[in-house]
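Report on one structure; see the data block that follows.
Derivation of every value follows stated rules applied to the coordinates shown; laboratory data play no part. Given the structure is predicted, the values throughout are model-derived calculations rather than measurements. In this analysis, Cβ positions are derived from the backbone assuming ideal geometry, glycine residues included, and neighbour counts consider all displayed protein chains.
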Amino acid sequence: MKFSWILPLLVSSISLCMTLCSSLNSDGLSLLALKSAVDNDPTKVMNHWSESDQTPCHWSGVACTNGRVTSLNLFGKSLSGYIPSELGLLDSLNRLDLAHNNFSKPVPVRLFEPTNLRYIDLSHNSLSGPIPDQIRHLKSLNHLDLSSNRLNGSLPESLAELGSLAGTLNLSFNRFAGEIPPSYGRLPLHVTLDLSHNNLTGKVPQVGSLLNQGPFAFAGNSRLCGFPLQTPCQELEIPNLVAVKPEGTQELQKPNPSVISKEEGKEKQTTGSVTVSLISGVSVVIGAVSLSVWLIRRKHSSSAVYKTEPKTVVSEFDEEGQDGKFVAFGEGFELELEDLLRASAYVMGKSRSGIVYRVVAAEAEPSSSSSAAVVAVRRLSDGNATWRFKEFENEVENIGRVSHPNIVTLRAYYYAEDEKLLITDYISNGSLYSALHGGPPNTRHLLSWAERLHIAQGTARGLMYIHEHSSRKYVHGNLKSSKILLDDELLPHISGFGLTRLVHGYPKLADHSLSTNVQSFASRLSAPPQAAYLAPEARASSGYKSSQKCDVYSFGVILLELLTGRLPDGSSENEGEELVSVVRKWHKEGRSLAEILDPKLLNQELTDKQVIAAIRVALNCTDMNPEMRPRMRSVSESLGRIKTV
């Protein structure tokens, strides 16, 4: 009995040890704080989040690296409650997606303490209050979407310090008030800004990257005025468009001496008057200045510009096209050069092949189709290509003969010694890249499984047509999700066919062989990283000639993008690896489909067999050996059979 007290002490010690040894780590405790803050979990996603676990790494919506939480994805779970400040203790977190829920109350200040955060999406909730200034510390952040909430206050200057942003900075459909900070002009040029549908006031600052935004970025703010909006500010002044130019944009070319008046003073007076008549009351962005200057210049020499049918010159014309030639294809295109002179122009995007404008005709003929009133105009960059007129004419007319419902139609072209334009149909619903990853005009459209399958099938049919249209074995050469345009019915249209040849010699990859200027220009592009779409054999040599098997590889990457909802490059969600490698590793290890499938598809009506069949098609397309990749006809047929699986 002397040592009877030892036994209870021993039992207590063992019990304490078991409790401590099995206790949840700090990341798990932070996540349990979120569970406690949620008052409604209709999908039961947090049911298995338990404090009895040692680690949260196997919990639904949680991903870890080396035992630390790096990703929290609860997209579209219909959760309601608030976001607790304890999430800021997840110091290894780099991806936070709580979009499409019903979280309310202000965004906690401590949420932005994990400085490794690269991706934040809190859109489509009921969050209120201002954006905490602490967001300035997220120097690695490249995606920020706070749209469709009840956030208010002024736009924080701290957002201008996020130099790593890419894609879209989306603050639309909130209650922000006050003026747009001019410091937002310091945002990277390739960032698409969306401040639409707030309570912003004043004049849109005409500085830096703000000059590169179209009217969609500022729409729905009734008290906002100035370019690129159609609402003029009260002060009567004509903006000096040519003088205002964002850093790093191309210099406007000087007018062709052959069309300039011999009297310099008279020339300046005439040019100024034409400029006012063209742009007065017209909504344009700074990129449209290049197009306006071109139109003004051609206005002086309009006697040398003709609209013709292909291969038909209706009047005397300089053989080399030095005075300019405007050619329309077929009878369905009703726009004349004069329509373009009266048109409003908005920058849609930039790439190595040039700048694309959406051009809205001032008036359309009653007999014209709706597609004739709004067109897309691509102003080709020079690249390393030097085209004589006849060579350019033959090349463009070959492109114009490629007509298919899933390929953007070339309607007309303009050739002059110092200007080359392609006019195509305008596809109104943005790109597949924007639909999957965010961007104007529709930010993160929730594509269903059926819609994604139809997009893949339509794209495959279009690419197959390009490959089989001619005995010359045409190649697209630059296929990626930003080149797949979606119409109002979400039917895909392949754009950019023929551009690789028209601007041949422009660099495929920014490597050590490129000049500093070319690397700087390439770094400003808004499209997803092109290297991830390039076949391995195309990356091996800067002089490699693209082939149809390279197109097949690019299509396979796009198909994986559709299935996973992930970016194709080595982003944080892919843990630094390209998407193709991530999916191959997943397939080899035989892990569950839920780990690789886009979370937005998990609750939709689809069978595992359908998805697995599509993944197999994608893996065959992205085979490292080009000889093992199927032809696009085989790919199209395989995808066409999936609906009957």
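Which FRET efficiency value, to the nearest 0.05, is calculated for K585 and S36 with the Förster distance at 41 angstrom and r the Cβ-Cβ distance?
0.70
Work out, step by step, the length gained on full extension between S403 and T607: first 0.36 nm times the residue separation, then minus their alpha carbon distance; give nm to one decimal.
Gain on stretching S403 to T607: 70.0 nm.
Please work out how much length the chain gains when fully extended from S140 to N394, using 0.36 nm per residue of separation minus the C-alpha to C-alpha distance, in nm with one decimal.
Answer, rounded to one decimal: 86.7 nm.
Applying a 10 Å radius around every beta-carbon, put 549-557, 28-36 in order of their mean neighbour count, most first.
549-557, 28-36
Over 26 Å between Cα atoms: which of K390/K545; K35/K588; K77/K139 fall into that group?
K35/K588; K77/K139
Which FRET efficiency value, to the nearest 0.05, is calculated for E157 and N199 with the Förster distance at 22 angstrom and r the Cβ-Cβ distance?
My answer for the efficiency is 0.75.
Taking R0 as 35 Å, what FRET efficiency do you get between S92 and K44 from their Cβ-Cβ distance, rounded to the nearest 0.05?
Computed FRET efficiency for S92 and K44: 0.85.
Need one number: nm distance between label points at S471 and Q54, each 7 Å from Cα along Cα→Cβ, rounded to one decimal.
7.0 nm
Arranged from highest to lowest average of other beta-carbon atoms within 10 Å per residue, in what order do the peptides 473-480, 98-105 appear?
473-480, 98-105
Go through 594-607, 418-431 and give me the packing order, highest mean Cβ count within 10 Å leading.
The peptides rank, most packed first, as 418-431, 594-607.
For A177 and E417, calculate 0.36 nm times their separation in residues minus their Cα-Cα distance, and state this gained length in nm to one decimal.
Using 0.36 nm per residue and subtracting the Cα-Cα distance, I get 81.6 nm.
Can you give me the Kirkwood hydrodynamic radius for the stretch 27-225, using every pair of distinct Cα atoms, in Å to one decimal?
Kirkwood hydrodynamic radius for the stretch 27-225: 17.4 Å.
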